[in-house]
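These notes are about the structure you will find just below.
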Amino acid sequence: MYVAVKGGEKAIRNAHRLMATKRRGDRSVPGLTLEQIAGQLAIAVARVMGEGSLYDEGLAALAIKQARGDLIEAVFLLRAYRTTLPRFGYSEPVDTSAMLVERRISATFKDLPGGQLLGPTFDYTHRLLDFKLAADGELDAPLTAEVTETAMPRVTDLLSGEGLIEEDVQPEETAAVGDLTREPLSFPAGRDLRLQNLARGDEGFLLALAYSTQRGYGRTHPFAGEIRYGAVEVEFFAEELGFAVPLGRINVTECQMVNQFKGSAKVPPQFTRGYGLVFGQVERKAMSMAMVDRSLRCEELGEERTAPAQDEEFVMSHSDNVQATGFVEHLKLPHYVDFQAELDLVRRMRGEWFDRQAADQAAASEAIGSGATGTSEKEAAE
C-alpha cells in the first residue's frame, strides 16, 4: 500500500479541485445531465455496465461523467460501487428466445422465419461527419410498425434440426455455476467461468484476439449465424413464495457464431458454436466474445492449441481492464527507493564493466608488446 506523505496532502487536495474544474469545463455551457448521457451515449453506457458487471444506466452514466469520458475509469468506479451492494441471490437463467427483438440479423441465411430486422445500426451509414448534428436540429421520425408475435427461431436451431451443428449441451439444474465476482480465478476453468470472464472483459482486448483468430491465429472460420438485440425479462425465484417473480427487463445483445469443424474419429464433420452475450447494444463486443469463446474450446473439440486466443490462462488473465489498469498505472506512483537501489546497482555494474574493459585492453597491449620484442630478437639472431 502506498501512503502519501503529509507534505503532499495539500497538493493532492488541490489536484482533486482542479480535476473537478476540468471535468465541468466551460461554465457558460450547460452541464451534462445523467439523462443526456444515458440517452445519447447509450453504447458507451452499455459498455461500462457490461465491463462493470452492473446493469444500471443511471449509475453507469454517473461513472462516465465522473471519469470525464474515460470508460475504463468509469468501469473501475462502477465495480467499486458494486462491491458495496448487498447480494440477495441469483436470478433465474434468462430466456433469450423470448427476447422482445429490436434488431435481428443473420449473415448465413437471407430469408429467415420472422425476417431480418436491421434496427438501429451503423452498418449501413456512410463514415462521413454529419455536421447537422452540431446544430442539433429536428430529426425525421422513423417508420414504425405494429409489434408482431411472429416466432423468431434461432439460426442454430434450424441447423440443429438437420444435425449440421453440434448439440447445445444444457448444464444440469443442480450443477454449480462459478462466480468470478465472488471467487478468485483458477485454472482449468469451465466454460461458465470463461463466458463470465469474456462478458466483463475489455472490448478492445477481445476485439484484437477475435481479429487474430480470423488471420490464422486460432484456426477458426466464423460466420455470424445470428445477432440479436432487444429486451429480456429477468426473474428471481422467491423461496418464501415458491415461484419466480419478474424483476424487470434489461437490454442485451446476443451473438451466435457458426464455425467450421472437420470432425474427428468420433464426431462427423459439422458446425460448432461460439457464444456471446452482453448488456445493451454492443455488437462488436458480443461478436468478439463469441469468436474467442469458440477458440477457447479447442481442446474440448480435439484441436491443437497453437494461438494466444486458444490459451485460456493467457486470455482470462489479461482480459480484465481494471486489473490491467492497476498493473500499468501503479508505475506512476512513487518508486523512489526501488529506483535508487536500481541506480546504485547499475552504477556498480558499469564500474565493473569499465574495469574489465581496461584490464582486457591492458592485457591485449602487453601481448602485442611481447610479440614485437620476440620478433626483433629473432631477426637480430639471424
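A compact table of results
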| quantity | calculated |
| --- | --- |
| Average silhouette area of the range 12-120, convex hull of alpha-carbon atoms, in square nanometres | 10.5 |
| Accessible area (Å², per residue) of the range 197-256, counting only protein heavy atoms and a probe of 1.4 Å | 47 |
| Signed unit charges on C-beta, dipole axis of the chain, positive-most listed residue ALA290, PRO334, ALA364 | PRO334 |
| Relative packing of peptides 142-152, 63-73 - highest average C-beta neighbours within 10 Å first | 63-73, 142-152 |
| Cβ-defined net charge surrounding VAL45, 12 Å radius [Lys, Arg +1; Asp, Glu -1] | -2 |
| Label point distance in nm, LEU34-LYS110, each placed 7 Å from Cα along Cα→Cβ | 4.8 |
| Within the chain, longest stretch clear of exposed chymotrypsin sites (Phe, Trp or Tyr not before Pro) (DSSP loop, no more than 14 other Cβ within 10 Å) | 132-382 |
| Correct option for Rg and Dmax of the Cα atoms in Å [calculated from the coordinates] among [x] 20.7, 69; [y] 30.0, 118; [z] 24.9, 94 | [y] |
| Computed helical MRE - 222 nm, the chain, DSSP H runs ≥ 4 contributing -39500 (n - 2.57), nearest 500 | -13500 deg cm²/dmol |
| The chain - percent of accessible surface contributed by carbon and sulfur, probe 1.4 Å | 57 |
| Among THR121, PHE261, ALA210 the positive-end extreme of the charge dipole of the chain (Cβ point charges) | THR121 |
| Cβ-placed point charges (K, R +1; D, E -1), dipole of the range 1-100 about Cα centre in debye, nearest 20 | 800 |
| Radius 12 Å from Cβ of ALA359, net charge of other residues (Lys, Arg +1; Asp, Glu -1) | -3 |
| Relative contact order, percent, the chain [alpha-carbon distance under 8 Å, six or more residues apart] | 16 |
| Folded to 0 to 90 degrees: helix 71-82 orientation relative to the chain principal axis, Cα | 70 |
| Taking the range 229-297 and dividing mean pair separation by its residue count, relative contact order in percent (alpha carbons under 8 Å, at least six apart) | 27 |
| Reachable aspartates and glutamates, given that their alpha-carbon falls under 15 Å from the alpha-carbon of LYS22 and they are not under 8 places away in the same chain | ASP70 |
| Cβ-defined net charge surrounding GLY119, 11 Å radius [Lys, Arg +1; Asp, Glu -1] | 0 |
| Relative contact order (%) - the range 81-234, alpha-carbon pairs under 8 angstrom, separation at least six | 47 |
| Cα→Cβ-extended label distance, 7 Å offset, between LEU241 and THR144, nm | 3.0 |
| The range 1-119 - accessible surface per residue (Å², probe 1.4 Å) | 67 |
| Cα-centred dipole magnitude for the chain, charges only on beta-carbon of K, R (+1) and D, E (-1), debye, nearest 20 | 1380 |
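The values are calculated or read from the model by the stated rules, or taken from the named source; none is laboratory data. Remember, it's a predicted structure, so these values are computed and weren't measured experimentally. Glycine gets a Cβ as well: all are built from the backbone with ideal geometry, and neighbour counts include every protein chain shown. Accessible surface areas use protein heavy atoms only, side chains included; no ligands, DNA or RNA. Shrake-Rupley method; radii C 1.70, N 1.55, O 1.52, S 1.80 Å.
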